[in-house]
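First up is the structure itself, then whatever we jot down about it.
The values are calculated or read from the model by the stated rules, or taken from the named source; none is laboratory data. Quick caveat, the model's predicted, so the values are computed rather than measured. Please note: Cβ atoms are built from the backbone with ideal geometry, for glycine as well, and neighbour counts cover all protein chains shown.
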Amino acid sequence: MHSLTELDTIGLLVLRCKLTMPEETTPQTPEPLTLATEDAPAKASEVMSAEKPAKAPGAEKPAKAPKKEKPPALEAKPFEEFIHQDYLPALKQTLPKMGLTEVELKFEKKRMPVAGDTDCWQVIGTWLGGKRQFVIIFSKEDIQAPKFYCCADNGAQPSMLESFMIDERKVTLDLLLLYTMQRLNGEKWLLRN
């Protein structure tokens, strides 16, 4: 002999409540409620699915309006276009707010400044007549690819290469700016230091 599980019992109670409560919009006639027996065990889900009225052939849902296409993200632009049109202008606006005025920014492909035998794209910032500089190095023409940072003071050449943004799964313009400012702040080069 099969017994009703707790879920089947709850489902039948919910169904019974639905059948006894009048709906405001469409009148329904309740179908007879079948209970589980030894010959035909019924689950609440089977009984509930039997309660759904069949759709009329002419009563189809209206077609959904086409979704508006989102413009592509800034970061989806080609690498050089993103750097020239988005990153460098944003960096030029942010640096003066942080106390670094008259910073000359360049974007060029040249050998890595520290033990470099390969050419990489680099964003180079210099100020104080070239006495201070920072370099953001992109290992590939992709902002998601590994990046490096180095800096120098007192007109010296950079001597140490550090990884840059290694913990970020998705690099965005805002994150790129934030990490750049964090590195410059770490050097105590920003006004608030």
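Summary of computed values
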read-out: Lone unmet requirement of (1) surrounded by 12 or more Cβ atoms within 10 Å (Cβ to Cβ); (2) within 27 Å of GLU81 (Cα to Cα) for GLU108; value: (1)
read-out: Hey, LEU178 assigned to a helix (DSSP H, G or I) and closer than 20 Å to THR94 by Cα or not; value: yes
read-out: Options GLY155, GLY116, GLY129; residue that is free of Cβ contacts under 8 Å to residues at least 40 places away in the same chain, assigned to a loop (DSSP other than H, G, I, E, B), over 21 Å from LEU173 (Cα atoms) and out of contact with any strand residue (DSSP E or B) (no Cβ under 9 Å at 6 or more places or on another chain); value: GLY129
read-out: Given (1) in contact with a Leu (Cβ under 9 Å, 6 or more places away or on another chain); (2) surrounded by fewer than 16 Cβ atoms within 10 Å (Cβ to Cβ); (3) of a type outside the set (Phe, Trp, Tyr), index of the condition THR118 fails; value: (1)
read-out: GLU81 farther than 23 Å from SER163 by Cβ, in contact with a Leu (Cβ under 9 Å, 6 or more places away or on another chain) and in the same structural domain as TYR149 (by TED's automatic domain parsing); value: no
read-out: Hits in the stretch 63-82 (condition: free of Cβ contacts under 8 Å to residues at least 60 places away in the same chain and in a helix (DSSP H, G or I)); value: ALA76, GLU81
read-out: Filter result for GLU102 (closer than 23 Å to GLU81 by Cα, loosely packed, with under 15 Cβ neighbours inside 10 Å and touching a Phe, Trp or Tyr at 6+ places or on another chain (Cβ under 9 Å)); value: no
read-out: Residue check for ASP167: within 18 Å of the chain's Cα centre (by Cα), assigned to a loop (DSSP other than H, G, I, E, B) and touching a residue at least 24 places away in the same chain (Cβ under 8 Å); value: no
